[in-house]
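The values are calculated or read from the model by the stated rules, or taken from the named source; none is laboratory data. Bear in mind the structure is a predicted one, so any value in this text is a computation, not a measurement. Quick reminder, even Gly has a Cβ in these numbers, built from the backbone with ideal geometry, and neighbours come from all protein chains shown. Surface areas here come from the heavy atoms of the whole protein model, side chains and all, with no ligands, DNA or RNA. Shrake-Rupley method; radii C 1.70, N 1.55, O 1.52, S 1.80 Å.
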Amino acid sequence: MAYSQRRDFLFCNYCGTMLNMESKFVRCPLCKFKRNAKEVVGKEISYTVTAEDIRRELGLSLFDAGEDNNIVQWSKVKKACEKCQNPEMHYTTRQTRSADEGQTTHYLCPRCGYQCQES
């Protein structure tokens, strides 16, 4: 219970519902659990959401994840690699922004594996 009071002070200890602030106490709207408002007033919660957390929550995979349903078809173009000066690069395009903006072109050097993109 001490862990719950330290970290989850905005949530009911019994059912996990978010507590409602009333005059001198906070109350659970579901099970009517009460807690003194002095335990809650002035406390803050902060957390970090990473790009991986968002992808996992939305069920998205990385661009080069190599899943069977996300196979990327690479085409060839005569463009010199910035890293090894190979005269030919592989490329693919993908719509990564809104529909009224251009596609993003992803380049891959077949010799050294260097990757870059143009918007």
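Quick check, is E39 under 30 Å from T96 (Cβ atoms), of a type in the set (D, E, K, R) and modelled with pLDDT of 75 or more? So E39 does not fit the description; no.
Considering only residues in the range 86-119 that are open to solvent by 80 Å² or more (accessible area, probe 1.4 Å), at pLDDT 85 or above and out of contact with any strand residue (DSSP E or B) (no Cβ under 6 Å at 6 or more places or on another chain), the one that is nearest to Q73 (Cα to Cα) turns out to be R111. In the range 16-36, the qualifying residues are those that are modelled with pLDDT under 85 and in a loop (DSSP other than H, G, I, E, B), and the one that is most open to solvent (accessible area, probe 1.4 Å) is S23.
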